[in-house]
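J.: Sharing a structure, written as structure tokens. Questions coming.
What follows draws every value from the coordinates through simple rules; no lab data is involved. As the structure is a prediction and not an experimental result, all values here were calculated from the model. Positions of Cβ are backbone-derived with ideal geometry, glycine not excepted, and every protein chain shown enters the neighbour counts.
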Amino acid sequence: MSASDTSGTTAAGDESRAEPTSGASAEPAPGTSVPGVSGTAAVGDESRAEPIEHASPDPAPSTGAEATSGTGSEAASGGAAPAGGGRGAVQPAGESRWVLLARLVAGAAGALALFAAFPPLDWWLCAPLGIGLIVASLYRARPRRAAWIGYLTAVVFLLPTLAWVRTIGDDVWIMLVATESVFYAVLAALAALVFRLPAWPLWFGALWVAMEWARGLVPVGGFPWARVAFSQGESLFTPYAALGGAPLVSFAVALCGALLAYAALTFRPALGPRALGLSVALPVALALAVPVLGLAVPRAGDEGRTVNVGIVQGNVPGRGMYALGDEPAVVLKNHANETKRLAQAVREGKLPKPDVVVLPENSTDIDPYRDEIARQIIQDSVTDVGVPTLVGAVVSIGTEERATRSLVWDPVTGAGDYYDKQRLVPFGEYTPFKEIVLALWERAGLVGRQSVPGDKPGDLKLGPVTVGAVNCYEVAYDDTVRDTVRAGGTPIVVQTNNASYALSNLPTQQLAMSKLRAVEHNRAVVTAATTGISAYVTPDGKVSWQTRELVADMNVVKVPVRTRETIATKVGALPEWALILMGAAAAGVAAWQGRRQGRGPGDRMRKG
């Protein structure tokens, strides 16, 4: 048992009574941790206080006073220890059932609050509040218990947040949530270690970034959905995207929440004014300063150049897994007809003449390279509108593979340059562990031909501009969007097919990502979707126009063309790596201190 588990207590006589270590004063000095009694509501053996195995002669100072668990707000933290953490922090040998229940309630409440921060609710302020509650549920728990609490908390958060996966099947939804929750369990276990260190809100925020990075990497290419940054499409935290991208936004939100938890966990009315100010007022002030300082992030101004972009949403006949319907080429015809309707509106003066037109991903369900009828339908519609058009096509590669392609179609020369989607959807566009999965799940066969990824960024010359083509799922990946912008893409064009997930929380979550990317890279973002939500997002992250879902629609929007890069675009992943290394180093130091205190050569029981 390490010193952080029972530091400052010993057993003498009655095992349920914990006596202070020698030298403990009756009145705590400000900023110094004092021993406390935990588990007052314990059942059975949980009321015993184990003897201290090692006490550091010079414990690290921490803010707070004597803690007694099982009462008031302290129950949520398991008999809250002095929040400064450190080697002198008190941790109970056992916790009562009431304390465990309080932890679970706090974790579940935090998870639901975090869910509320995401679209479609978009209550962004709930994100730091939810993380604060999650921190309180983990504080002073041992790593193993913290891991289980973290896992259950993640399940409560991810089940509603990823509810759109139910379209594929409830079993897939549950398996995805179960897998992704493992990352939160690891985070919770590491957080239990860093809570022993001074300034632990910083280390916790860095660990949160490391967890989200790992989720976006493994398994099968990662799943970066539901990152905290994506709940901040339009909030006080959003400007941080221009400094360090999505990772810095997630860090700022997690840091703010952890600081709020720090203030709540250190609040002791018995403290003197000076100690109370340091332990409560300071972290609250810092928590409020984090979002407010985002307003000071410099923003690039307009460069005086614009382009008129036509956006077409053709709609599809079906729903769910069979959204494209059974009639051949119906999706292609829908989008071709809507393109012609746009051309007619321009001729009648109802819309300004576009310089370019953008169609969504899968706007043709027939390969135009191999099918003469499909090629002629596209050519007729593009000739009618009279400007270069970006078509979303699924094209055959050889006899067994395919590619999801952004294809430049000129009204005179036809099909030209293209970009092939790099980040493919596992089980949607390709089947990982194909032999096993196909044998176990019949639905996996709906993937059909296996998609192959592209190997170059999506900078495509389209009429008077070079657009940055991003396909659907890719908007969640930092490096894919960043590489396209660095290659010269402006504006960013997101072609997406959300037909299988219409009216779920996926389209709104994806639009929130576009808002963040606009601020991150100082680029306008144009989204064309088969069924919605098609939209135009300004470079400052505001939605200027958007469609409803499950309707055919079109419009022409005037979009600024900006070329200045933000700091986030220039430095790339450096802020993320710095935060990951900071969190890993803090966890390593905390683990080393725990091992040294628990196994030091001078370990002996000390009595007052």
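J.: How high is the FRET efficiency between Y369 and A552 when r is their beta carbon distance and R₀ equals 25 Å, given to the nearest 0.05?
T.: On the way: r = 26 Å, r/R0 = 1.04.
Calculated value: 0.45.
J.: With r defined as the distance between the Cβ atoms of Q450 and Q376 and R0 fixed at 25 Å, what FRET efficiency is calculated, to the nearest 0.05?
T.: Here the calculated transfer efficiency is 0.30.
J.: Need one number: nm distance between label points at R305 and T413, each 7 Å from Cα along Cα→Cβ, rounded to one decimal.
T.: The answer from the label model is 2.0 nm.
J.: Just grab the label-to-label distance for A178 and V297, each label 7 Å out from Cα along the Cβ direction, in nm (one decimal).
T.: Reported label-point gap for A178 and V297 is 3.8 nm.
J.: If you don't mind, there's one more thing I want to ask. Quick one: net charge around A476, please, counting Lys, Arg +1 and Asp, Glu -1 for every other residue with C-beta under 15 Å from its C-beta.
T.: -3
J.: Using r as the Cβ-Cβ distance of T563 and K353, and R0 as 25 Å, what FRET efficiency do you calculate, to the nearest 0.05?
T.: 0.55
J.: With a sphere of radius 10 Å drawn around the Cβ of R103, what net charge do the other residues whose Cβ falls strictly inside it have (Lys, Arg +1; Asp, Glu -1)?
T.: That works out to +1.
J.: Would you mind checking K333/K558; K515/K570; K353/K461; K333/K353 for any pair whose Cα atoms are more than 24 angstrom apart?
T.: Where the Cα-Cα span goes over 24 Å, the pairs concerned are K333/K558.
J.: Which number comes out as Rg/Rh for the stretch 91-140 once both Rg and the Kirkwood Rh are worked out on C-alpha atoms? Don't skip to the end; give the middle numbers.
T.: Values: Rg = 12.7 Å, Rh = 11.3 Å.
That ratio is 1.13, to two decimals.
J.: In the stretch 112-174, what is the volume of the convex hull around the alpha carbon atoms, normalised per residue and reported in Å³? Can you show the working numbers first?
T.: Numbers: hull volume 4.0 nm³, N = 63.
Hull volume normalised by residue count: 64 Å³.
J.: Once you wrap a convex hull around the alpha carbon atoms of the stretch 486-608, what is its projected area averaged over all directions, in nm²?
T.: Orientation-averaged projected area of the Cα hull: 14.0 nm².
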